[in-house]
Amino acid sequence: MNYQQILSDILRQAESLAGEGRQADYIPALAEVNPDQRGICLHTLEGEQFAVGDADVRFSIQSIAKVFALAMSLSFEGDDLWRRMGKEPSGTAFNSLFQLEIEHGIPRNPFINAGAIVMADILVSHMLDPEHDFLTFVRRLAGNDTINYNRTVAYSERQTGYLNAAIANLLKHHHNINNDIERVLQFYCLMCSIEMSCRQLAQAFIPFADHQQPFRYAGVELTASQVKRMNAIMQTCGFYDEAGEFSYLVGLPGKSGVGGGIAAIYPQRYAVAVWSPRLNGKGNSVVGMRVLELLTTETKESIF
């Protein structure tokens, strides 16, 4: 499979979407990002890398970080994690208060904001220095010690994150946060602010694509069964309330972020990362969605 040529072709085809959508300007620091950048990197299990466009430009991965938080939370809590959140698609916006209220403080899944805030609380409870340990875990997955938080983005997100604060208070009301609310929110925003390139992100997702190998990174250990179940949650819940559309068009487990990134995996074959900051109304990258649809169409490789 000539992935290099395929990636070049599909990125060129996606140029027809130039100008569609807008970056996540409700987070002031993200509004300053050049919205017309785009890159792709595909990393195979055999160690080959294929990259085009702005694949080495680092960006705020935002909600893609929730996959890493889920891996750590599962490692610490095992199946007890599911007492505090569900595994079902949300069907509502990623920052919905309504759904959380009617479900008595139990987030629908780990990848909406409420679920991720609960995971931030879990990590704060389990680790003496969660900021250091979370970053170390991501660096180990990506094989790159220069990856870091963007504290300007984290501060910007926290200062304007009124809905996230409301979610955290509602979770606390229902006894689903154990630590200080401000401590949890600051750590949550810091997790989302991690900056990675498509090349680094594709590398970091390889362990989730290769569930036949032991998952042991920076003290985080998962069974093959847990990794496969994480893939299932990415498939059904990884794209806010557009997960069904992504499954229909693309057919790969993955996770998007409002920084414009998407990471996806073809189990036992590859991990791929795409970045383009302009988002559709559901919070997913316009170009990213199209590129991954074209990738699985052109290669005829999907999980279905």
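Things worth noting here:
- The coefficient of translational diffusion for the stretch 1-66, derived via Stokes-Einstein from the alpha carbon Kirkwood radius under 20 °C and 1.002 mPa s, stands at 156 µm²/s.
- For the stretch 117-210, pairs of C-alpha atoms spaced more than 19 angstrom apart make up 46 percent of the total.
- Sorting Phe239, Phe134 by the number of Cβ atoms found within 10 Å of their own Cβ, with the fewest placed first, yields Phe134, Phe239.
- Net dipole in debye of the stretch 1-86 [+1 Lys, Arg Cβ; -1 Asp, Glu Cβ; about Cα centre; nearest 20]: 240
- The charge dipole of the stretch 92-155, taken about its Cα centre with unit charges on the Cβ atoms of Lys, Arg (+1), Asp and Glu (-1) only, comes to about 200 debye.
- Alpha carbon centroid spacing (whole Å) that separates the stretch 213-230 from the stretch 152-191: 27
- Reach of Lys87 by Cα under 20 Å, taken over lysines that are not fewer than 8 positions away in the same chain: Lys66, Lys228, Lys255, Lys282
- Mean projection area, nm², convex hull over Cα of the chain: 13.5
- Partnerless cysteines in the chain, where a partner means another cysteine C-beta under 4.7 angstrom, comprise Cys189, Cys192, Cys237.
- When the Cα convex hull of the stretch 63-192 is projected onto planes of every orientation, the mean area is 7.4 nm².
- Under 20 Å from a label point set 7 Å out along the Cα-to-Cβ vector of Glu182, the amide N atoms of the stretch 150-170 belong to 151-170.
- Relative contact order of the stretch 63-192, pairs being alpha-carbon contacts under 8 Å that are 6 or more residues apart, as %: 31
- Packing rank of 153-163, 68-78, 195-205, where each peptide gets the mean count of other beta carbons within 10 Å, highest leading: 195-205, 68-78, 153-163
- For the stretch 163-228, alpha-carbon Rg over 2.2 N^0.38 Å: 1.50
Where a number appears in this text, it was derived from the coordinates with a stated rule and is not lab data. This is a predicted model, so every value here is computed, not measured. Quick reminder, even Gly has a Cβ in these numbers, built from the backbone with ideal geometry, and neighbours come from all protein chains shown.
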